[in-house]
Amino acid sequence: MKVILRTIFLGRKGLRAGWRLLIFLVIAVALQPLLQLPVVWFMSKRQGISIPPGLDPVVISVAYAPTLIGVLIATGVLARFEDRRLRDYGLPGINALVANSGKDAPSDSRASRC
């Protein structure tokens, strides 16, 4: 029985991809309702942003912020599980909002042509 369970959950590279996906979805979906009230409170009370009725960029930002935060947390948890960083998934790290000083700019002038 132990061998059967091991083959169901574990592959050659550890936990099977389907189970990783399931864990990711459970974390991301479970966090959304838990994050909804704190995000609305933070945006309206702490930041002083009034949330207007209707379809507005502020409303859309507040509505999708819990989804974004939940996905980032789930990605971070599974990245730790796989001994990776968020940057390994193409997500910027802590310096995401820092202006680029041109270090990553291509040195070949042909690379910037369209």
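The values are calculated or read from the model by the stated rules, or taken from the named source; none is laboratory data. The structure presented is a predicted model; accordingly, all values stated were derived computationally and were not measured. Cβ coordinates were reconstructed from backbone atoms using ideal geometry, including for glycine residues, and neighbour counts include every protein chain displayed.
Assorted remarks:
- Scanning segment 1-56 for residues that are of a type in the set (Ser, Thr, Tyr) and either in a helix (DSSP H, G or I) or modelled with pLDDT of 80 or more (or both) turns up Thr7, Ser44.
- Near pairs, Cβ below 7 angstrom, 6+ apart or cross-chain, from segment 54-79 (surrounded by 13 or more Cβ atoms within 10 Å (Cβ to Cβ)) to any residue that is of a type in the set (D, E, K, R): Leu78/Arg20; Ala79/Arg85; Ala79/Asp88
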